[in-house]
Amino acid sequence: MDSNGNHESWKQFLKMLNQHILPVYMHHEKTFDWTGIHGRLHICRALIFGEFMSRFYIEQKNVDLNIDSIRYAIAFHDSGREGNGPDLWEHQSADLCTNFLSETGTGIDADPAWVGSLITKSGRGDWTGEKRIVHDADVLEIMRPCCGHGGRPFFREKALRFLGPRDRTAPRDPDDDQIRNQLIEEAWFLIEGTEIKKSIFMESENPMGKILDWIDSNKHQCPLLSKNLL
């Protein structure tokens with residue numbers, strides 16, 4: 001799929017996200033996740049990180065990826081949670097993703113069960129590019145202050161596969177370290193900036209739209225994340 005196709009499918013996905021998927025996390029926020037540790041703000045930011053990484057691989061590295069699968073796996077990766085803390089429910093999240101894709105006319109060109117499997121951490125030695133991106137999006141999100149890992153200063157950069165020594169998705173180029181480092185800094189800028197106004201985003205009926213507006217207002221500080229996403 002070319003860049004225009006990615007852009008159009010992204011817009012269609014965002015409609016599905018807001019109408020059918022984010023309400024699952026809103027329910028979590030009203031039951032066990034009142035502060036939104038694994039709520040809508042977390043999911044929206046992870047999707048933004050995943051979207052950048054996916055498009056970078058597809059458009060800059062010519063990697064063949066099923067971008068819709070990545071989107072839906074990231075969107076559902078915490079959907080089965082019944083509490084915060086260690087994720088004891090990733091298989092329930094995978095099942096929810098599989099069932100949603102099986103029952104809903106999303107038009108996604110992939111086996112629903114395979115898309116759901118991108119969520120779990122099984123098969124570490126043989127991950128596809130799609131699965132690595134799904135988990136990298138969540139790795140970047142661990143910088144959010146509510147996780148208690150010390151924010152950006154204590155972020156374990158080695159855990160991020162994207163364009164790093166453990167990245168097997170595409171051959172490395174001389175400029176990869178710069179892109180990788182810039183993504184980490186932009187991710188932290190977005191996390192820190194939106195967490196400060198977390199209650200405002202959580203009160204919105206369209207939190208992803210509000211986050212994208214925030215990125216647009218700060219696109220000089222977020223040149224990677226703003227490219228093609230707005």
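The values are calculated or read from the model by the stated rules, or taken from the named source; none is laboratory data. What you see is a predicted model; the values in this text were computed from it and never measured. All Cβ positions, even for glycine, are placed from backbone atoms using ideal geometry, and neighbour counts span all protein chains on display.
Can you name every residue in segment 92-111 that is assigned to a helix (DSSP H, G or I) and hydrophobic (A, V, I, L, M, F, W, C)? Give the steps one after another, and end with the answer.
Kept after step one, since they are assigned to a helix (DSSP H, G or I), are these residues of segment 92-111: 92-103.
Ala94, Leu96, Cys97, Phe100, Leu101 - these are the residues of segment 92-111 that are assigned to a helix (DSSP H, G or I) and hydrophobic (A, V, I, L, M, F, W, C).
Listed residues Ile211, Ile184; which is of a type in the set (A, V, I, L, M, F, W, C) and closer than 28 Å to Val24 by Cβ? If you could, list the steps in order and put the result at the bottom.
Numbers: Ile184 fails: closer than 28 Å to Val24 by Cβ.
The unique qualifying residue is Ile211.
Could you please let me know if Ala113 is among the aliphatic types (A, V, I, L, M), surrounded by fewer than 23 Cβ atoms within 10 Å (Cβ to Cβ) and either at pLDDT 95 or above or at positive phi (or both)? I'd like the intermediate steps shown before the answer.
Details: among the aliphatic types (A, V, I, L, M): yes; surrounded by fewer than 23 Cβ atoms within 10 Å (Cβ to Cβ): yes; either at pLDDT 95 or above or at positive phi (or both): yes.
So Ala113 fits the description; yes.
Any idea which residue in segment 17-73 is surrounded by the fewest Cβ atoms within 10 Å (Cβ to Cβ), counting only those that are of a type in the set (Gly, Ala, Ser) and within 15 Å of the chain's Cα centre (by Cα)?
Step one: filter segment 17-73 for residues of a type in the set (Gly, Ala, Ser), giving 36, 39, 46, 50, 54, 69, 73.
Subsequent filtering for residues that are within 15 Å of the chain's Cα centre (by Cα) retains 39, 46, 50, 54, 69, 73.
Numbers: Gly39: 26, Ala46: 22, Gly50: 26, Ser54: 26, Ser69: 27, Ala73: 29.
Within segment 17-73, the match that is surrounded by the fewest Cβ atoms within 10 Å (Cβ to Cβ) is Ala46.
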Query raised in the report: Looking only at residues in segment 83-106 that are more than 16 Å from Ile43 (Cα to Cα) and in contact (Cβ under 8 Å) with a residue 24 or more places away in the chain, which one is surrounded by the fewest Cβ atoms within 10 Å (Cβ to Cβ)?
Result: Thr104
Requested in this report: List the number of the failed condition for Met26; all other conditions in (1) in a helix (DSSP H, G or I); (2) of a type outside the set (Val, Ile, Thr); (3) within 17 Å of Ile108 (Cα to Cα) hold.
Outcome: (3)
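Quick one: is Ile37 at pLDDT below 95, farther than 20 Å from Leu225 by Cβ and assigned to a loop (DSSP other than H, G, I, E, B)?
On the way: at pLDDT below 95: no; farther than 20 Å from Leu225 by Cβ: yes; assigned to a loop (DSSP other than H, G, I, E, B): yes.
So Ile37 fails the test.
Here is a yes/no grid of residues against (1) polar (S, T, N, Q); (2) under 20 Å from Arg40 (Cβ atoms); (3) in a helix (DSSP H, G or I):
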| site | (1), (2), (3) |
| --- | --- |
| Phe162 | no, no, no |
| Asp167 | no, no, no |
| Asp173 | no, no, no |
| Asp177 | no, no, yes |
| Ile184 | no, no, yes |
| Phe189 | no, yes, yes |
| Gly193 | no, yes, yes |
| Ser199 | yes, yes, yes |
| Glu205 | no, yes, no |
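Please specify each residue of segment 14-24 satisfying the condition of being touching a residue at least 60 places away in the same chain (Cβ under 8 Å) and within 16 Å of Leu101 (Cβ to Cβ).
Met16, Leu17, His20, Ile21, Val24
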Report task. Scan segment 184-209 residue by residue and report those that are buried (at least 18 other Cβ atoms within 10 Å of the Cβ) and over 18 Å from Pro145 (Cα atoms). Result -> Pro207, Met208
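Restricting attention to segment 112-122, and to residues there that are in a helix (DSSP H, G or I) and of a type in the set (Gly, Ala, Ser), which single residue is farthest from Ile142 (Cα to Cα)? Outline the logic, then answer.
Here is the first cut: in segment 112-122, the ones in a helix (DSSP H, G or I) are 112-117.
Among the residues that remain, those that are also of a type in the set (Gly, Ala, Ser) are: 113, 116-117.
Working: Ala113: 26, Gly116: 21, Ser117: 21 Å.
The qualifying residue farthest from Ile142 (Cα to Cα) is Ala113.
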Query raised in the report: Would you pick out the residues in segment 116-137 that are surrounded by 20 or more Cβ atoms within 10 Å (Cβ to Cβ) and of a type in the set (D, E, K, R)?
Result: Glu130, Lys131, Arg132, Asp136
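Can you name the residue in segment 56-82 that is outside any helix (DSSP H, G or I) and among the basic types (Lys, Arg) and is also farthest from Asp176 (Cα to Cα) among such residues?
Going residue by residue through segment 56-82, those that are outside any helix (DSSP H, G or I) are 61-66, 77-82.
Remaining after also requiring among the basic types (Lys, Arg): 61, 81.
Values: Lys61: 11, Arg81: 35 Å.
Selected residue: Arg81.
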